[in-house]
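A short write-up of the structure that comes next.
The values are calculated or read from the model by the stated rules, or taken from the named source; none is laboratory data. Just so you know, these numbers come straight off a predicted model, no measurement behind them. Here the Cβ is made from the backbone with ideal geometry for all residues, glycine too, and neighbour counts use every protein chain on show. SASA here: full protein model, heavy atoms, side chains in, ligands and nucleic acids out. Shrake-Rupley method; radii C 1.70, N 1.55, O 1.52, S 1.80 Å.
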Amino acid sequence: AQTVTQSQPEMSVQEAETVTLSCTYDTSESDYYLFWYKQPPSRQMILVIRQEAYKQQNATENRFSVNFQKAAKSFSLKISDSQLGDAAMYFCVGGSEKLVFGKGMKLTVNP
Amino acid sequence: EAQVTQNPRYLITVTGKKLTVTCSQNMNHEYMSWYRQDPGLGLRQIYYSMNVEVTDKGDVPEGYKVSRKEKRNFPLILESPSPNQTSLYFCASSLGNSPLHFGNGTRLTVT
């Protein structure tokens, strides 16, 4: 069975600072994908970043980057230069044919 | 505009009164899925469909039905809703291993 674990239910960061959100996963699949989704108060689910498991290079999208440690089954998200608009629930998601969601982490950005 | 459209956005109903939440996508995606989101539990998959006339149970299928008669539509049916089905529901679609595109969610309250 696939599992995705986000161990920190809440975090806070000062505006302009850097924060790292942790995620671990477990899967028996050899080919899988990992994602981070953001859910602001509007409750929309917004894709933040995507990582293919077969790629060694860590994905980056502007201020967002991941640290993908395949052997450790770790997939953390780093947000640089945090902005007030980054405040949201963040979900780590993984899988291949079937995607499994972590329970989410609430990020607060303090001005 | 490429999108997943869910209706209604809000629904209040009474126990036992059959309801349908509609989901439609205009991206010709083969994969469609329904999730429910509850506080502290993340998103849990109810049913998914790999293509027309192909549906399968997710992690929490009890009390729900789906159908996939056309590629674009994937309605979620609650034959006899109960209060424990009060939740936020999301429909999503994707093509192959591309990221999920989500609808805007349906807030269902069953009294």
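In table form, for the structure just shown:
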{"quantity": "Residue within the stretch B:87-110 that is more than 14 Å from every other protein chain (Cβ to nearest Cβ), of a type outside the set (Val, Ile, Thr), in contact with a Leu (Cβ under 9 Å, 6 or more places away or on another chain) and free of Cβ contacts under 8 Å to residues at least 60 places away in the same chain present", "calculated": "no"}
{"quantity": "Qualifying positions in the stretch A:1-12 - surrounded by fewer than 18 Cβ atoms within 10 Å (Cβ to Cβ) and within 11 Å of another protein chain (Cβ to nearest Cβ)", "calculated": "A:Ala1, A:Gln2, A:Thr5, A:Pro9"}
{"quantity": "Filtered residues of the stretch A:96-107 (kept if in a strand (DSSP E or B) and open to solvent by 50 Å² or more (accessible area, probe 1.4 Å))", "calculated": "A:Lys106"}
{"quantity": "Criterion (under 22 Å from A:Arg43 (Cα atoms), among the aromatic types (Phe, Trp, Tyr) and open to solvent by 10 Å² or more (accessible area, probe 1.4 Å)) met by exactly one of B:Tyr89, B:Tyr48, B:Tyr35", "calculated": "B:Tyr48"}
{"quantity": "Flag for A:Gln83 being closer than 27 Å to B:Ile46 by Cβ and touching a residue at least 60 places away in the same chain (Cβ under 8 Å)", "calculated": "no"}
{"quantity": "A:Tyr54 assigned to a loop (DSSP other than H, G, I, E, B) and of a type in the set (Phe, Trp, Tyr)", "calculated": "yes"}
{"quantity": "The stretch A:13-56 - residue that is farther than 15 Å from A:Gly85 by Cβ, out of contact with any Phe, Trp or Tyr (no Cβ under 6 Å at 6 or more places or on another chain) and small (Gly, Ala, Ser) and, of those, nearest to the other protein chains (Cβ to nearest Cβ)", "calculated": "A:Ser30"}
{"quantity": "Residues satisfying the stated conditions in the stretch A:31-73, i.e. closer than 21 Å to B:Ser98 by Cα and hydroxyl-bearing (Ser, Thr, Tyr)", "calculated": "A:Tyr32, A:Tyr33, A:Tyr37, A:Tyr54, A:Thr60, A:Ser65"}
{"quantity": "Lone qualifier among B:Gly96, B:Gly40, B:Gly58, B:Gly16 - being at positive phi and open to solvent by less than 50 Å² (accessible area, probe 1.4 Å)", "calculated": "B:Gly16"}
{"quantity": "Strands (runs of 3 or more DSSP E) within the stretch B:1-80 that include 1 or more residues more than 14 Å from chain A (Cβ to nearest Cβ) and touching a residue at least 12 places away in the same chain (Cβ under 8 Å)", "calculated": "B:4-7, B:10-13, B:19-25, B:76-78"}
{"quantity": "Qualifying positions in the stretch A:67-111 - among the β-branched types (Val, Ile, Thr), within 14 Å of chain B (Cβ to nearest Cβ) and farther than 15 Å from A:Ile46 by Cα", "calculated": "A:Val100"}
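Yes/no matrix, rows are residues, columns are (1) exposed (fewer than 15 other Cβ atoms within 10 Å of the Cβ); (2) in contact (Cβ under 8 Å) with a residue 12 or more places away in the chain; (3) under 27 Å from B:Thr106 (Cβ atoms); (4) β-branched (Val, Ile, Thr):
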{"residue": "A:Glu29", "(1), (2), (3), (4)": "yes, yes, no, no"}
{"residue": "A:Trp36", "(1), (2), (3), (4)": "no, yes, yes, no"}
{"residue": "A:Gln39", "(1), (2), (3), (4)": "no, yes, yes, no"}
{"residue": "A:Ser42", "(1), (2), (3), (4)": "yes, no, yes, no"}
{"residue": "A:Arg50", "(1), (2), (3), (4)": "no, yes, yes, no"}
{"residue": "A:Gln57", "(1), (2), (3), (4)": "yes, no, no, no"}
{"residue": "A:Phe64", "(1), (2), (3), (4)": "no, yes, no, no"}
{"residue": "A:Ala71", "(1), (2), (3), (4)": "yes, no, no, no"}
